[in-house]
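Notes follow once the structure below has been shown.
The values are calculated or read from the model by the stated rules, or taken from the named source; none is laboratory data. Please read all numbers here as calculations on a predicted model, not as lab measurements. We place every Cβ from the backbone using ideal geometry, glycine too, and count neighbours over all the protein chains shown. To get the accessible areas, we keep the full protein, side chains included, count just its heavy atoms, and leave off ligands, DNA and RNA. Shrake-Rupley method; radii C 1.70, N 1.55, O 1.52, S 1.80 Å.
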Amino acid sequence: LSATYAAALVQESGLGGFSAPALEKKLAGQTVSVSPFVGSIEEGLRGMSSVGDAEALFQLIYNYFTSPREDREAYINLIRSLETVAQNRESQPGRVFSDRIQELITGGHYTALPLTAERVAEIDFGDAMEIYSERFADADDFTFVFVGNMTPKNLEPFLEGYIASLPSADEK
């Protein structure tokens with residue numbers, strides 16, 4: 001579960017010198033968002049921006065690789081939120097039913113178990129940050145796909161300035 005919620009923890013923590021609320025204020029008025037994710041077989045980023053806010057998009061991408069913020073307060077808030085979700089889950093008959101079906105289909109595999117208060121307690125701050133850092137330490141195996149109203153010529157300075165300078169295994 002520490003791996004499952006690693007990206008959410010980083011997103012709730014903010015980037016570099018900015019807490020998540022401070023980062024939100026900094027980006028106010030811009031049409032941009034980036035969300036990291038860590039899955040069982042892949043990790044990545046999803047994002048979007050207006051053409052005018054493309055540089056902010058690339059700055060966020062760069063910072064999710066190079067300066068995730070470690071914020072224990074954000075961890076505590078995430079855990080409290082997940083505990084509430086787990087408690088509410090048990091009071092919803094439809095959710096309990098679908099959780100049971102999922103358990104039967106997967107043979108009770110630990111990756112498919114429903115979120116409970118006991119499982120939330122397994123999420124470790126240090127493990128989550130370490131897993132995120134390991135997954136995003138090397139951009140060599142990432143494939144970046146950009147679609148939208150930008151020409152290759154418009155993208156080139158952002159690709160050269162932000163994507164090309166991401167950490168890679170060759171630099172180590």
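Miscellaneous remarks
- A Förster distance of 45 Å, applied to the separation of the beta-carbon atoms of GLN92 and SER67, puts the FRET efficiency at 0.70.
- Extension reserve of the HIS109-GLU24 stretch, reckoned as 0.36 nm per residue once the Cα distance is removed: 26.9 nm
- Compactness index (Cα Rg / 2.2 N^0.38 Å), the stretch 4-79: 1.08
- The radius of gyration of the Cα set in the chain, together with its Dmax, comes out at 18.3, 54 angstrom.
- Hydrodynamic radius of the stretch 109-172 by the Kirkwood approach over all distinct alpha-carbon pairs: 15.4 Å.
- If you plug the beta carbon distance of THR84 and LEU155 into 1/(1 + (r/R0)^6) with R0 = 25 Å, you get a FRET efficiency near 0.05.
- For ILE76, net neighbour charge (Lys/Arg +1, Asp/Glu -1) across residues whose Cβ lies under 15 Å away: -3
- Estimated vicinal HN-Hα couplings, Hz - the stretch 53-58 in sequence order (Karplus 6.51, -1.76, 1.60; Gly, Pro = x): 10, 4, 5, 4, 4, 5
- Here the dipole of the chain is about 640 debye; that uses its Cα centre as origin and unit charges on the Cβ of Lys and Arg (positive) and Asp and Glu (negative).
- FRET efficiency, 1/(1 + (r/R0)^6) with R0 45 Å, evaluated for VAL147 and THR116 via beta carbons: 0.70
- Karplus-based coupling profile of the stretch 97-113, in residue order and whole Hz: 4, 5, 4, 5, 4, 4, 4, 5, 5, 8, x, x, 4, 4, 6, 10, 5, with θ = phi - 60° in 6.51 cos²θ - 1.76 cosθ + 1.60 and x standing for Gly or Pro.
- Here the Kirkwood formula, the inverse mean of 1/r across different C-alpha pairs, assigns the stretch 76-138 a hydrodynamic radius of 13.3 Å.
- When nucleic acids and ligands are ignored and a 1.4 Å probe is applied, LEU57 ends up with an accessible area of around 20 Å².
- Report summary: the helix-based calculation at 222 nm, which adds -39500 (n - 2.57) for every DSSP H run with n ≥ 4 and divides by the residues of the chain, gives -14500 deg cm²/dmol.
- Given their separation in residues at 0.36 nm each and the Cα-Cα distance between them, GLU55 and ALA164 gain 37.8 nm when the chain is fully extended.
- 3J(HN,Hα) couplings calculated from phi for the stretch 39-52 with the Karplus curve 6.51 cos²θ - 1.76 cosθ + 1.60 (θ = phi - 60°) are, in sequence order, x, 6, 10, 8, 9, x, 9, 10, x, 7, 7, 6, 4, x Hz; Gly and Pro show x.
- Candidates PRO21, PRO93, PRO68: whichever shows maximal mean-square fluctuation once the chain is modelled as a Gaussian network with Cα springs under 10 Å: PRO93
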